[in-house]
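Take a look at the structure set out below.
Just so you know, all these numbers are worked out from the coordinates, no wet-lab data involved. Source: prediction; values computed, not measured. Note that each Cβ is placed from the backbone with ideal geometry, even for glycine, and that neighbours are counted across all protein chains shown.
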Amino acid sequence: MDHMQKILRLIPSVDDCLLALLQDPEFETIPSMLLKKSIRDVLDRQRRKVLEGHDVEAKDLELPVLLQGIQQKIRELHQPLFRRVINGTGVIIHTNLGRSILPGDVLSQLSETSGNYSNLEFNLTSGERGSRYTLVEELLCELTGAEAALVVNNNAAAVLIALDTLARGKEVIVSRGQLVEIGGSFRIPDVMARSGAKLVEVGATNRTHLRDYSNAMSPETGLLLKVHTSNYCIIGFTSEVSNKELVSLGKRHQVPVMEDLGSGCLVDLSSFGLKKEPTVQEVVASGMDIVTFSGDKLLGGPQAGIILGSRDIIERIKRNPLNRALRIDKFTLSALESILRLYRDPQTVFERVPTLNMISAPIEVVQHKAEQLAEVLEKSISTYSIIQISEVMSRVGGGAMPEQNLPSRAVILRPLHMKINHLEAKLRSLDIPIIGRVENDHLLLDMRTVRSDELHLIAKGLDQALTSEL
């Protein structure tokens, strides 16, 4: 017991640790509350180890030794939890990594409007209160050919408010093969139930015919719903009803027809080796009364649920009390307007929208980035890891274009002095985490999702991860 008390008395005071910390300029501007919390956490941990009988030597409690742990604790607490990462996975619209990246000019406009007062709900022409929805509605109609538009906070919300407005207490007919599940285990039937609509499934999983919809029509039918299967595909013996047929059926029975496009895209990506997907403009032109899609997937913008349709239906949705709960904020509006403006120039949109730029990047450009990184790494870490360039396949991601790959190149590393899982974990713990994928005991960094200005950060991070603790 006397030895334990002697060891405990060696633990320095909080004030002594604080005084020593403040000698380092790095910690001068950090709030004292955070400094003291970090000091107490480290000192308490050492005190518990002593009291629990762990072997703690006097040198472990010397101030310079404890300061190292305290400084590391402060850096961890002072760093934002929500921060930038480098995406080396090859998945372009990576839901876990924030989906689409916004272009620089969009960020500049976002900073301008969010860092100052704005005309969010103020009509500059009349000097009276305005509507936030007018800031993007005209632009959406111009780009898509729709009569009217509304934007809510995501596509699930768009589907929810449309169903609630048009079919609460009524039946909604949908093909059995389109009862999709989206991220987070949310399913179309669940969203429909929450809206108060009654699901009527028709057809089989792989084949649905016009007669299936027609036979299910009744006085209780409130909506015909088509869900574009953007996050999976059914191949083989399949059949689905065209938009033209569905719209015609709806008109005969005076029942609105809606399509949930999911990802939604304003440009044709088939020239880049991907399967032809219906564009938003094509779906609107087919006569659908309502079309919904996401803003942060193939559009390449912020998270948003975009609703397009006939003017009378959009006005009904706007008046739904749910609209207040689901409305978008000024940050989303600013970013969405800016990204939509880029689509006015089809010649430059693939260069200026990062999501489209990554999808459309020629393999020669991806190869060049891989060669640049490999050359730097050969000079800096070749004694710690084997470095190779390999042909791989990237994915669009974000629940878009399933089973479709984009040819790519990856820089592959096989560390010589540590296990691959250890390296992968160390890269995740960097100030700017590097996220790759592990395959066959190798770390792959897919260059299709890595920007050129990130190559030096990867080189620096790999050097730090491979050489520390060696």
Inset, instruction - Can you tell me the FRET efficiency between GLN347 and ASP190 if r is taken as the Cβ-Cβ distance and R0 is 35 Å, rounded to the nearest 0.05? - result: 0.25
Legend entry - aspartates and glutamates whose Cα lies under 15 Å from that of LYS275, excluding same-chain neighbours fewer than 8 positions away: GLU403
Inset, instruction - Note down the magnitude of the dipole of the stretch 59-107 about its Cα centre, charges +1 on Lys and Arg C-beta and -1 on Asp and Glu C-beta and zero elsewhere, to the nearest 20 debye. - result: 100
Legend entry - Calculated [θ] (222 nm, deg cm²/dmol) that DSSP helices of n ≥ 4 give over the chain, each run adding -39,500 (n - 2.57): -12500 deg cm²/dmol
Inset, instruction - In nm, give the distance between the simple-model label positions of GLN372 and LEU120, each being 7 Å from the Cα along the Cα-to-Cβ direction. - result: 3.9
Inset, instruction - Under 1.5 on a/c is rounded, so check that first for the stretch 219-328, then, if it is not, pick prolate when a/b is larger than b/c and oblate when it is not; a ≥ b ≥ c are the square roots of the alpha carbon gyration tensor eigenvalues. - result: oblate
Inset, instruction - Specify which residue in the list ILE74, LEU110, LEU19 is farthest towards the positive end of the charge dipole of the stretch 19-122, using unit charges on the beta carbon of Lys, Arg (+1) and Asp, Glu (-1), about the Cα centre. - result: ILE74
Legend entry - Loop sites in the stretch 401-455: trypsin sites (Lys or Arg not before Pro), DSSP, at most 16 other Cβ within 10 Å: LYS419, ARG451
Inset, instruction - Could you calculate the FRET efficiency of ILE363 with SER218 from 1/(1 + (r/R0)^6), where r is the beta carbon distance between them and R0 is 41 Å, rounded to 0.05? - result: 0.15
Legend entry - Charge dipole of the chain about the Cα centre (unit charges at C-beta), most positive-ward option of ALA325, LEU261, CYS141: ALA325
Inset, instruction - Find which of VAL200, HIS422, LEU406 sits farthest along the positive direction of the dipole of the chain, computed with +1 on the beta-carbon of Lys and Arg, -1 on that of Asp and Glu, about the Cα centre. - result: VAL200
Inset, instruction - Enter the angle in degrees (range 0 to 90, nearest 10) between the Cα long axis of helix 63-78 and the first principal axis of the Cα atoms of the chain, meaning the one along which they spread out most. - result: 10
Inset, instruction - Can you tell me the order of 383-391, 454-462 when each peptide is scored by its average per-residue count of other Cβ atoms within 10 angstrom, highest first? - result: 454-462, 383-391
Legend entry - Cross-link partners of LYS49 among aspartates and glutamates (Cα-Cα below 18 Å; sequence separation of 8 or more within a chain): ASP2, ASP41, GLU57, ASP60, GLU62
Legend entry - Computed Rg/Rh of the chain, alpha carbon atoms with Kirkwood Rh: 1.08
Legend entry - Nearest-ten-degree value, helix 134-144 long axis tilted from longest Cα axis of the chain: 70
Inset, instruction - Could you pull out every one of the aspartates and glutamates with an alpha carbon less than 14 Å from that of LYS170, ignoring same-chain neighbours closer than 8 positions? - result: GLU201, GLU220
Inset, instruction - For the stretch 341-470, just the Cα atoms, rotate onto the principal axes and tell me the three extents in Å, largest first. - result: 54, 28, 26
Inset, instruction - Would you mind getting me the FRET efficiency between LEU34 and ARG252? Use the beta-carbon distance for r and R0 = 56 Å, nearest 0.05. - result: 0.25
Legend entry - Across LYS297/LYS419; LYS37/LYS419; LYS244/LYS276; LYS59/LYS379; LYS37/LYS426; LYS330/LYS369, pairs whose alpha-carbon gap is larger than 28 Å: LYS297/LYS419; LYS37/LYS419; LYS59/LYS379; LYS330/LYS369
Legend entry - Helix 243-253 axis, angle to the chain major axis (alpha carbon atoms, nearest 10°): 50
Legend entry - the chain - percent relative contact order, Cα under 8 Å, separation 6 or more: 18
Legend entry - Cα-projected label distance for ASP441 with LYS49, points at 7 Å along beta-carbon direction, nm: 3.4
Legend entry - Cleavage-rule hits, chymotrypsin sites (Phe, Trp or Tyr not before Pro), the stretch 75-123, DSSP coil, Cβ neighbours within 10 Å at most 10: PHE82, TYR117
Legend entry - Electrostatic dipole magnitude of the chain [Cβ: Lys, Arg +1; Asp, Glu -1; Cα centre; debye, to 20]: 1020
